[in-house]
Amino acid sequence: MKEALCEWCTYEDEDVGHAICYCPFVRQSWKHYFPDLLTDDVKLDIMQIVLKVLSQGKHEDLDQFFLIAWNLWNKRNQKIFVNKVLTTNQVIEHALSLAKDHKEARVHKQTRKLSSCYWQAPSQNALKLNVDEAIFATLNRSGVGFILRSSSSKVIMAASMKENGANDSMEIELLAILRGLQICIPMGIDELIIESDLLLIVNELIGAGEPRVIWFMR
Ligand SMILES: [Zn+2]
């Protein structure tokens, strides 16, 4: 079956390999990010190109390759179906910024996982309140939970509460802290440490000081 002519260069058949990689209108940009990927001597199909990316580089390169390829395909569809023309550089920059966001989100998730792997007891005479939140977006519900422990890791009090609404996790975590304080303040605790694993809140409240511990009250 004969393919239709390429939307961009209008003189070559448009198979997937041409549309995404070999068309002169996109090829220059690939050269910038993957200099050795496309050569003139052998023309590869899209699967062979993917295998080449894998054999030449890291797993991350493959993520980047697919994001750029998908965005270039999208650029083609935008032109054909909504007559919107994006430049190749715009498309690739968009793809790379998506890749960056994705990577940062992954690192942040790992950091969060690591930081919640251990619990350190407070110093003698102090009590530590750990707070956390859970969001059930489909039910428009959320919950807050807290546990108060002593320097010998003894549990003094633990509770969870249902909350209405399912706003963003930062808001619910702040609510968890508030609920915890409402319970702890009347107990007349001399030293109370409040701990949260939501990095955003910790940064917001104390800046780049000691991680995880939010407030230290005497
Ligand atoms: Zn073309």
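All of the numbers you see were taken from the coordinates with simple rules; none came from a lab. None of the values given here were measured: they were computed from a predicted structure. Ideal geometry is used to build each Cβ from the backbone, glycine not excepted, and the neighbour counts take in all protein chains shown.
From most to least packed by mean Cβ count within 10 Å, the peptides 120-133, 48-61 give 120-133, 48-61. Length gained on full extension, Met161 to Gln90, computed as 0.36 nm times the residue gap minus the Cα-Cα distance: 20.8 nm.
With kT/(6 pi eta Rh) evaluated at 20 °C and eta = 1.002 mPa s, and Rh the Kirkwood radius from Cα pairs, region 67-112 diffuses with a coefficient of 185 µm²/s according to Stokes-Einstein.
How much of the pair distance distribution for region 130-173 lies past 17 Å, counting alpha-carbon pairs only, in percent? Cα-Cα pairs in region 130-173 separated by more than 17 Å: 38 percent. Stretching the chain fully between Ser123 and Asn74 yields a gain of 11.9 nm (0.36 nm per residue, less the alpha carbon separation). The slack between Ser169 and Gln182, meaning 0.36 nm per residue of separation minus the straight C-alpha distance, is 2.7 nm. Exceedance of the 27 Å cut-off in Cα-Cα distance is limited, within the set Lys31/Lys79; Lys100/Lys128; Lys43/Lys100; Lys52/Lys79; Lys52/Lys75; Lys58/Lys79, to Lys100/Lys128; Lys43/Lys100; Lys52/Lys79; Lys58/Lys79. Decide, for region 16-115, between rounded, prolate and oblate: order the square roots of the alpha carbon gyration tensor eigenvalues as a ≥ b ≥ c, take rounded if a/c falls under 1.5, and otherwise choose prolate if a/b is larger than b/c, else oblate. Cα axes put region 16-115 in the oblate bin. Applying both filters, DSSP loop and at most 14 other Cβ atoms within 10 Å, to the chymotrypsin sites (Phe, Trp or Tyr not before Pro) of region 1-88 gives Tyr11. Taking all Cα pairs closer than 8 Å and separated by 6 or more residues, the relative contact order of region 18-165 comes to 14 percent.
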